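Student: Sharing a structure here in structure tokens format.
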Amino acid sequence: MTIAPPPPVRDAGATRAAASVDRTIRLITTGATSGAACAPELAKGPWEFDAGPAGYGPGSSMGDVIPTGSPRQGRLPAEYREASDAELHDRIRAAKATLGDRVVVLGHFYQRDEVIEHADFVGDSFQLANAALTRPDAEAIVFCGVHFMAETADLLSTPEQAVILPNLAAGCSMADMADESSVEECWEQLADLYGDLDAADADGRVPVIPVTYMNSSAALKGFVGRHGGIVCTSSNARTVLEWAFERGQRVLFFPDQHLGRNTAKAMGVPLEQMPMWNPRKALGGNTASELEDARVILWHGFCSVHKRFTVDQIATARETHPGVQVIVHPECPMAVVDAADAAGSTDFIVKAIQAAPAGSIFAIGTEINLVQRLAAEYPQHEIFCLDPVVCPCSTMYRIHPGYLAWVLEELVAGRVVNRITVPEAVADPARLALERMLAAKPPAPAVTGA
């Protein structure tokens, strides 16, 4: 796993302008450039939605139903809402300089570039949680990402460190698609069908092992920790499934059906042995015999960013860009992954582009902020997003320099706002599930040659 600060650029100003999805959206909505955005409201400041009806906000998840009681963000003070971009950047830099090593700012790959500019570390959710471990003396960890990521950072950081999410409304619709009560109900139904879920067969395997994707709440990480399960990331999902199959006859995989299906299919599991579990239906909408024959039970969840990518988009990319390499994230639907040249995590995508010879052409199926940033940082390649419509992650886009400036200046004043804390009753089993994941290491590459 590589954790690194933002890469150096030849012309920082020009690169940031090219990388800025926020700037692109403003140009589109004002008619200053061609193109399309999925929602004109994306051009507004995210604070416009703090006091409105509960929702994920404009962007890829705007059609998803948000659970009752989801965190809401209070009104951002006017001085941050009304400040110019330049003033916000100056205030962020000044606050960071004042705080020094007392604070570390983490920026997820999918954050807007205006936030990434101020991040001490950039990476995926698990890389960033581990990056925080390299700053044990930091009093505050400001996680520019979404809620479950801040929870994971709190699980892995010391009790003395405060983990801060700049905008409490930055949730995750996929993580919300599997809540603890629904998963507990599923577990009870499986126990009625399979019998004692702790009883091992002659091979020492229990009826079912729960596996949760990193993109889930701390409560669900705690659930799998209590029930002998494990956490996975998009880069180690195969290793984790192998671990689970050694210990269980079946796997219950949540919340993302696509990562589970794509990974298990690549391992040779037939599609007919991967039934979908719909939490709104008895037995998840399956028959008892279908569940008896199952090897992987897939939760009815998905990422609204990655379900936007289609086989038709891949066909268009190949027609218009001969020699293009299509790389997609494994959260994409199976047909899209099958049609692509490669599928892998955000870190996999970044490394593939870094290693490619100059003049390569890439069509990328993942969140637009990462794609547009890569296109700006690697001008020796032609890099574009498979989806021609600019549609960022709704919840990542709720983080804005205004919120970052606010939480940092509050720290300067000695006040901690928007702290994310996982209760110990949940944290202990959740850490156990994470420790199992860390112990399930992929095999070392075989040594060849003399």
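The values are calculated or read from the model by the stated rules, or taken from the named source; none is laboratory data. Keep in mind the model is a prediction, meaning the values are calculated, not measured. Ideal geometry is used to build each Cβ from the backbone, glycine not excepted, and the neighbour counts take in all protein chains shown. We work out accessible area using only protein heavy atoms, side chains counted, and drop any ligands, DNA or RNA first. Shrake-Rupley method; radii C 1.70, N 1.55, O 1.52, S 1.80 Å.
Student: Taking θ = phi - 60°, what integer Hz values does the Karplus form 6.51 cos²θ - 1.76 cosθ + 1.60 yield along segment 173-182, in sequence order, with x for Gly and Pro?
Tutor: For segment 173-182, the Karplus curve yields 5, 5, 4, 6, 6, 10, 9, 4, 5, 5 Hz.
Student: Using alpha carbon centroids, what distance separates segment 79-158 and segment 231-276, in Å?
Tutor: Distance between centres, Cα-based: 32 Å.
Student: Could you sort 96-108, 40-52, 79-91 so that the peptide with the highest average Cβ count within 10 Å comes first and the rest follow in order?
Tutor: 96-108, 40-52, 79-91
Student: What are the lysines whose alpha-carbon lies under 20 Å from the alpha-carbon of LYS44, with same-chain residues fewer than 8 places away excluded?
Tutor: The reachable lysines, counting only those whose Cα sits under 20 Å from LYS44, number zero.
Student: Before anything else, pin down the relative contact order of the chain: Cα pairs under 8 Å, at least 6 apart, normalised by residue count, whole percent. Please list the in-between numbers first.
Tutor: Details: 865 pairs, mean separation 99.5, N = 450.
Result for the chain is 22 percent.
Student: Roughly speaking, to the nearest percent, how much of the chain's 1.4 Å accessible area is carbon and sulfur?
Tutor: It is 53 percent, rounded to a whole number.
Student: Contact order normalised by length for segment 131-288, with contacts defined as Cα pairs under 8 Å and 6 or more residues apart; what percent is it?
Tutor: Values: 205 pairs, mean separation 29.7, N = 158.
Averaging sequence separation for qualifying contacts and normalising by length gives 19 percent for segment 131-288.
Student: Under the Cβ-under-4.7 Å rule, which cysteines of the chain stay unpaired?
Tutor: When partners are defined as cysteine Cβ atoms under 4.7 Å apart, the chain leaves CYS144, CYS172, CYS186, CYS232, CYS303, CYS332, CYS385, CYS393 without one.
Student: Calculate the spin-label point distance for GLU185 paired with THR320, positioning each point 7 Å from the Cα along the beta-carbon direction, and give it in nanometres.
Tutor: In this crude label model, THR320 to GLU185 measures out at 4.4 nm.
Student: Report the extension gain between GLU79 and ARG415 in nm, rounded to one decimal, defined as 0.36 nm multiplied by the number of residues separating them, less their alpha carbon distance.
Tutor: Using 0.36 nm per residue and subtracting the Cα-Cα distance, I get 119.2 nm.
Student: Now for a different question. Shape of segment 366-438 from its Cα gyration tensor (a ≥ b ≥ c, root eigenvalues): rounded if a/c is under 1.5, otherwise prolate when a/b > b/c, or oblate?
Tutor: It is oblate, given that a/c is not under 1.5 and a/b is not larger than b/c.
Student: Still on this structure, please answer the following. Considering only DSSP states other than H, G, I, E and B, which trypsin sites (Lys or Arg not before Pro) in segment 372-429 qualify as loop sites with at most 16 other Cβ atoms within 10 Å?
Tutor: Within segment 372-429, the qualifying trypsin sites (Lys or Arg not before Pro) (loop, at most 16 other Cβ atoms within 10 Å) are ARG415.
Student: Turning to a different aspect of this structure: How many angstrom lie between the Cα centre of segment 308-342 and the Cα centre of segment 354-372?
Tutor: 12 Å
Student: Beyond a 24 Å Cα-Cα separation, which of these cross-linked pairs lie in this structure: LYS221/LYS351; LYS265/LYS307; LYS265/LYS441? Present the calculation step by step, with values, prior to reporting the outcome.
Tutor: Values: LYS221/LYS351 28 Å; LYS265/LYS307 18 Å; LYS265/LYS441 20 Å.
Result: LYS221/LYS351 exceed 24 Å.
Student: Once the piece of chain linking THR158 and ALA282 is laid out straight, how much longer is it, given 0.36 nm per residue of separation minus the C-alpha distance between them?
Tutor: 40.5 nm is the gain from fully extending THR158 to ALA282.
Student: Taking a probe of 1.4 Å, how large is the accessible area per residue of segment 102-156, in Å²? Don't skip to the answer; put the middle values down first.
Tutor: Numbers: 1240 Å² over 55 residues.
Here the residues of segment 102-156 average 22 Å² of exposed surface.
Student: So what is the 222 nm mean residue ellipticity for the chain from helices alone, if each DSSP H run of at least 4 adds -39500 (n - 2.57) and you divide by all residues, rounding to the nearest 500 deg cm²/dmol? The partial results should precede the final answer.
Tutor: Details: 19 runs with 177 residues, N = 450.
Rounded to the nearest 500, the figure is -11500 deg cm²/dmol.
Student: May I pose another question? Segment 253-311: which trypsin sites (Lys or Arg not before Pro) are DSSP loop and have at most 13 other beta-carbon atoms within 10 angstrom?
Tutor: Sparse-neighbourhood loop trypsin sites (Lys or Arg not before Pro): ARG280, LYS281.
Student: Rounded to the nearest 5, what % of the DSSP beta bridges within the chain are antiparallel ones? Kindly include the intermediate steps, with their values, before the conclusion.
Tutor: Numbers: 2 of 38 bridges.
So the antiparallel bridges amount to about 5 percent of the total.
Student: Report the extension gain between ALA36 and ALA97 in nm, rounded to one decimal, defined as 0.36 nm multiplied by the number of residues separating them, less their alpha carbon distance. Mind showing how you got there, number by number?
Tutor: On the way: separation 61, 0.36 × 61 = 21.96 nm, distance 3.86 nm.
Length gained between ALA36 and ALA97: 18.1 nm.
Student: Just to confirm the filter: which GluC sites (Glu not before Pro) across segment 102-171 are DSSP coil and have at most 11 other Cβ within 10 angstrom of their Cβ?
Tutor: Counting only loop positions with at most 11 other Cβ atoms within 10 Å, the GluC sites (Glu not before Pro) in segment 102-171 are GLU160.
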